[in-house]
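Structure first, then comments.
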Amino acid sequence: MKRKANLPLLAWVCCLAVMFACMAVANAYQTDFGKIEVTRGAFSTDDGNVITYKLYRPVTATAETPAPAVLLMHGYQNDKDTSSSYALELARRGIVALSIDEYGHGGTSIGMLARGYTYHKLPNWDKSVSGPERFLLMMNFNTSDFFTNLADVPGDTLGDTSMGGRTMYAYLSTLPFVDAENMGVTGHSMGTWSSWSVAATDPSVKAIVLQCGELFPQSYYDNEAIHFNNVLLIQSRYDEFTSFLDYTKAVPDDLVNTELRYKEFAGQDGPIEWNTTYGSFADGTARRMELITNANHRLVTINNHAIATTLDWFETAFQMDSSIASTSQTALIKETFLFLGTLAALASVLPLLLLLLKTKFFAPCAQPMPDRAETLLPRKKWWGAALTAILISGLSYPFITQLGHGLVPLPENIFRMTIGDGVITWFVFLALVAFFMLRHWFKRGAGKMAGETLYDLGLASKETPNKLPWGIIGKSALLALILAGSIYLYVTVFTQIYALDFRFVWPLFKPFTLQRFWQFLLYVPFYLVFFCINGGAKLYGQLRQKELKSPAATQIVWWLKGSLVMIGGLLLVCLIEYIPYFSGIGPGMDILFTSTFGGPFISFLIVIIPQFILLFFLSTFAFRKTGRVYVGSVLLAILGAWAVTAGSSML
């Protein structure tokens, strides 16, 4: 008996051991086993703001033997560690790599609005754009401050379109171990426009690598004064942002046939070939378009082919000859151990919950699960209700999220999370729909006929089945806060000792800055409402499932079916988007509707779907062990709001 009571403690210790081991191995690969010095830093600007960065210095780069250097800039909704695979592989080959948090991202204190915007949209300068500032900003991502025709655009408020890149490129050039005559820049997605802006200002940029970026006509800028040296353009075949490429609807395979690409970019008289270099590195005219056939927009950041081509490009421009083959990469190994460490941290919540429920204070938070068989929905009705929830969430997702992202009139000096605004708008919509449907079912429909109580919905105690237990709710919220706080403690430790947070390529859990913590407090109530209703009373109450013979089977089946209810709509959106694209037609959202409903939130699905799957494993376990929805709902609200507010873009 005593041995059984110690099992949760043993499991918790094992989770922590695995977590620490995985993070230590990830750090060993990040530092190339002592060959790279990795440091975090914050550069103070003249106006008192900071731009945060991560510096990868090969130990061979010293003041006596300075090395070439590359500035790396991430894409929208990412941060400096999204560039870590490129940074690590560059540093392994003797190139200093500086990866920065651009305006409004990561720990940088300057918001995205410092990039500025215009009231007009490329390529039709006579077409005005109106709406909230965040909408104007996003409509002008492809407008750069070195475009000469901006002088004729009324109401121009463009700021630094390099989003801090120019400042940090200059800083990089002053480091004593950097060869300032051999420097380059690379960016992904949004970071490609930042890269253009850096290179347009500083002619010392010897090579440019644009990951999933676009081109613009030479007539947009003073091409007599501005020369872009040795440009590599990496393009993924399955890119959700196809409609943003060069203002054409051509699918990526066909981009070699556009005059903008073959003539203005490559300097050729007719269509060019993919994966072929044109021009000369010696005079800066080298141009190449690399097609990555097995990746989408986001996956280019970890794609072996894309990284290898980038390494070859910079080494050629810097006249280097590394002893390490460009295809010999360890970055994905580092990311894998980082992911395993993240999973171990999340898994540690499960035994910790059991340990806390054994204490006298938290023991009342647990009760037997609702067990009245007559309140379970018959199989057909369960799937009917589940399908309804899936269709409502899926069909509303592209439209409601984009509405909240750009046009819902939220006070922008208060609600500063751009992707977060889209998420909470969608959450509120779904919560309202679910609330009124659930209320009708409970008070007038089949739920009333079956004699459903608040206890059956996981909201009340068995002894008082129609009364909310406010004391238990408070203790459950505190319990969830402690569980989430344990993860926050772990990630703070690893950020300090290893400069690593919990993620897989893209941000998941990372320590807050003060301004991001206030945003978390603002957004978490919206998450709480959604997870208490949709991911709580509805999922574990109205759609409660029958227990199976073993606890493990019950956990797995409930988790998988519950996840299907909650993310099935998002999977439906994926099918609509990617089946036409994989068939060579183009992005589904662009074809069925317009590019307005594609782009960021469709690309975001590759992040949000795995996150939801992981989080609903926790909430399923919490419900099974407490018999109420509160611990799981509050825990998911905290973790979900944390992931968005600590890791995504901010105005």
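The values are calculated or read from the model by the stated rules, or taken from the named source; none is laboratory data. Keep in mind it's a predicted model, so treat the numbers as computed, not measured. Virtual Cβ from ideal backbone geometry, glycine too; neighbours counted across all protein chains shown. With ligands, DNA and RNA removed, areas are computed over all heavy atoms of the protein, side chains included. Shrake-Rupley method; radii C 1.70, N 1.55, O 1.52, S 1.80 Å.
Each Lys or Arg adds one and each Asp or Glu takes one away; over the other residues whose Cβ falls under 12 Å from the Cβ of SER194, this sums to -2. What a 1.4 Å probe finds exposed on the range 185-294 is 46% carbon and sulfur by accessible area, rounded to a whole percent.
Starting with the highest mean, order 628-634, 429-435 by the number of other Cβ atoms within 10 Å, averaged over the residues of each peptide. It would help to have the intermediate numbers written out before the result.
Working: 628-634: 27.9, 429-435: 19.0.
The most tightly packed comes first, giving 628-634, 429-435.
Across the cross-link table entries LYS443/LYS625; LYS54/LYS510; LYS538/LYS625, which are compared at the Cα atoms, the separations over 23 Å belong to LYS443/LYS625. Of the solvent-accessible surface of the range 1-113, computed with a 1.4 Å probe and all protein chains present, 62% belongs to carbon and sulfur.
Shown here: Rg and Dmax of the Cα atoms in Å, derived from the displayed model; of the candidates [x] 26.1, 83; [y] 28.4, 94; [z] 27.3, 101, it corresponds to [x].
Lys and Arg at +1, Asp and Glu at -1: add these up for the other residues within a Cβ distance under 14 Å of LYS35 and post the number.
Numbers: positive: ARG57, ARG92, ARG93, LYS334; negative: ASP32, GLU37, GLU89.
So the surrounding residues net to +1.
Modelled spin labels at ASN294 and LEU489, positioned 7 Å past Cα toward Cβ, are 4.3 nm from each other.
Among 196-204, 555-563, 533-541, sorting by the average number of other beta carbon atoms lying within 10 angstrom of each residue, highest first, gives 533-541, 196-204, 555-563. For the range 74-89, backbone phi angles converted through the Karplus equation (6.51, -1.76, 1.60; θ = phi - 60°) give residue-by-residue couplings of 7, x, 4, 6, 10, 8, 4, 6, 5, 8, 5, 5, 5, 4, 4, 5 Hz, Gly and Pro being listed as x. You can think of it this way: the chain between ALA21 and LEU478 has 161.6 nm of extra reach, that is 0.36 nm per residue less the Cα-Cα gap. The residues neighbouring GLY451, those whose beta-carbon lies less than 12 Å from its own, together hold a net charge of -1 under the Lys/Arg +1, Asp/Glu -1 convention.
Give the calculated FRET efficiency between GLN515 and GLU37 to the nearest 0.05, with a Förster radius of 35 Å applied to their Cβ-Cβ distance. Mind showing how you got there, number by number?
Values: r = 29 Å, r/R0 = 0.84.
That pair, GLN515 with GLU37, gives E of 0.75.
Protein heavy-atom accessible surface, 1.4 Å probe, per residue over the chain: 39 Å². Expressed as a whole percent, the accessible surface of the range 423-558 that belongs to carbon and sulfur atoms is 73, based on a 1.4 Å probe.
Mean residue ellipticity, 222 nm, helices only, the chain: the sum of -39500 (n - 2.57) across DSSP H runs of n ≥ 4, divided by residue count and rounded to 500, is -14500 deg cm²/dmol.
Using only alpha carbons, build the gyration tensor for the range 474-628 and give me the equivalent ellipsoid semi-axes, biggest first, whole Å. Please report the intermediate quantities before stating the final value.
Values: eigenvalues 172, 124, 47 Å².
Ellipsoid half-lengths, sorted descending, are 29, 25, 15 Å.
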